[in-house]
Amino acid sequence: MTFLRLVIIVSVVAFQLEPLARRGQCQPRVDPTPRTRVVLLGTGTPVPDPDRSGPSTAIVVDDRAYLIDFGPGVVRRAQSAALSRKMPAVEPNNLKVAFATHLHSDHTAGYSDLILSGWTSGRTVPLEVYGPSGLKSMTEHILQAYRIDIETRTNPDGPMRDAGRFPDGWKVNAHEIKAGLIYKDEKVTVTAFATKHAMESYGYRFQTPDRTIVISGDTNPVEATIEACKGCDVLVHEAQPLELLAKLPQSIRSFVAKYHTTTEQLAELAVKAKPKLLVVYHTISFPPGIAPPRLLPPNASADALYASPELLQKEIGSRYSGRVAIGKDLDVY
């Protein structure tokens with residue numbers, strides 16, 4: 001190959017690549033970190049599991065957190081997420097807005113901790129909480145139960161007496177809601193939709209600048225969840241494994257059939273809702289040693305009522321081909 005011919009070839013290649021280079025320079029930089037993240041602070045059930053706190057999820061938009069449910073352990077898990085996931089938005093003093101899907105104890109037993117530990121950690125404004133009928137009464141009774149605590153912390157000798165820093169941090173504004181638009185600020189628009197559980201209950205749709213997140217709470221499958229999602233970025237939904245349910249007493253199977261969602265039903269729902277990511281939480285599963293004796297079948301092994309993530313993936317994945325994550329505490333999506 002002559003030198004002249006080599007120069008011509010190089011020039012032609014450079015001419016062809018130059019528009020591509022210009023197009024690449026004109027492309028906006030894509031930030032791999034979304035503004036909106038979903039943090040699972042608790043994925044458990046009413047039975048105490050040391051690895052799973054009570055149900056609680058945080059939607060974090062930029063530097064602001066919105067809490068959905070506040071089961072037992074929520075404040076400690078929030079602090080852990082702040083430290084281990086480098087997310088100061090979920091530090092207890094920064095938890096200022098919360099939503100309750102329903103008032104069952106496993107979803108609300110951390111309420112007093114959220115109120116009081118958030119305050120003693122440095123929250124200076126009232127906690128704003130949204131949820132079903134009964135929320136105001138629950139709030140009033142919690143504050144009355146801790147009246148002596150609040151008074152001794154704010155009296156002239158108390159550690160929280162500095163009115164300039166902590167004038168309203170122990171207070172709560174409880175808002176009882178119905179289905180529809182219930183909250184809006186510059187970061188998020190929150191819509192509640194009625195679900196089907198053993199009491200008045202709601203799921204929530206969070207629309208942020210870059211993502212749509214839907215959270216089911218405890219519910220039988222409902223069309224409203226499908227309508228709220230409609231291709232949403234993340235659907236966080238409960239699911240109960242068929243294989244494990246078959247081993248439980250009839251009373252529990254009947255309750256689940258009326259008020260919860262099986263893996264088979266969730267797969268059918270997800271096919272219609274089409275979330276970009278389906279996150280499964282609040283699943284009946286008892287690792288060895290924590291299953292209540294009343295639930296264990298006769299002569300059963302210690303892990304007889306354990307539903308592994310692989311089992312859940314199999315039961316859902318055999319019926320649904322989309323992306324599925326089996327959630328655990330402190331997962332971030």
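The values are calculated or read from the model by the stated rules, or taken from the named source; none is laboratory data. Just so we're clear, the structure is a prediction, and the values are computed from it rather than from any experiment. Cβ: placed from backbone, ideal geometry, glycine included. Neighbour counts: every protein chain shown. Ligands, DNA and RNA are excluded from the accessible area calculation, which covers all protein heavy atoms including side chains. Shrake-Rupley method; radii C 1.70, N 1.55, O 1.52, S 1.80 Å.
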A 1.4 Å probe over the protein heavy atoms gives segment 46-152 a carbon and sulfur accessible-area percentage of 52
Quick check: net charge around VAL61, other residues with Cβ under 12 Å of its Cβ, Lys/Arg +1 and Asp/Glu -1? 0
Residue span SER133 to PHE255: 0.36 nm per residue of separation minus Cα-Cα distance leaves a gain in nm of 41.7 nm
Cα-based Rg of the chain normalised by 2.2 N^0.38 Å, two decimals: 1.22
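Sort out the exposed loop trypsin sites (Lys or Arg not before Pro) in the chain (DSSP loop, at most 10 other Cβ within 10 Å) and tell me the longest stretch that has none. Before the final figure, lay out the partial values.
Numbers: sites that count: ARG29, LYS86, ARG165.
With a cap of 10 other Cβ atoms within 10 Å, the longest stretch comes to 166-333.
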I need the shape label for segment 245-299. Rule: rounded when a/c is under 1.5, else prolate if a/b > b/c, else oblate, with a, b, c from the alpha carbon gyration tensor. prolate
Computed E for HIS175/THR124 - FRET, C-beta separation, R0 22 angstrom, nearest 0.05: 0.65
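Based on the alpha-carbon gyration tensor of segment 117-198 and its eigenvalue square roots a ≥ b ≥ c, which shape applies: rounded if a/c is under 1.5, prolate if not and a/b is larger than b/c, or oblate?
oblate
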Net charge, ARG147 excluded, C-beta distance under 14 Å - Lys, Arg +1, Asp, Glu -1: -1
In whole angstrom, how far apart do the alpha carbon centroids of segment 307-333 and segment 42-67 sit? 17
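Multiply the residue separation of GLN144 and VAL332 by 0.36 nm, subtract the distance between their alpha-carbon atoms, and state the gained length in nm to one decimal. Please list the in-between numbers first.
Details: separation 188, 0.36 × 188 = 67.68 nm, distance 3.57 nm.
Roughly 64.1 nm would be gained on extension.
So with the 1.4 Å probe, I'd like the accessible area per residue for the chain, rounded to whole Å². Write out the running numbers ahead of the final one.
Working: 16100 Å² over 333 residues.
Ligands and nucleic acids excluded, the result is 48 Å² per residue.
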Based solely on its DSSP helices, what 222 nm [θ] is calculated for the chain when runs of n ≥ 4 H residues each add -39,500 (n - 2.57) and the sum is averaged over all residues, nearest 500 deg cm²/dmol? -9500 deg cm²/dmol
Residues other than LEU248 with Cβ under 15 Å of its Cβ, Lys/Arg counted +1 and Asp/Glu -1, net out at +2
Stretched fully, the stretch from GLU227 through ALA246 gains (0.36 nm per residue minus C-alpha distance, one decimal, in nm) 3.8 nm
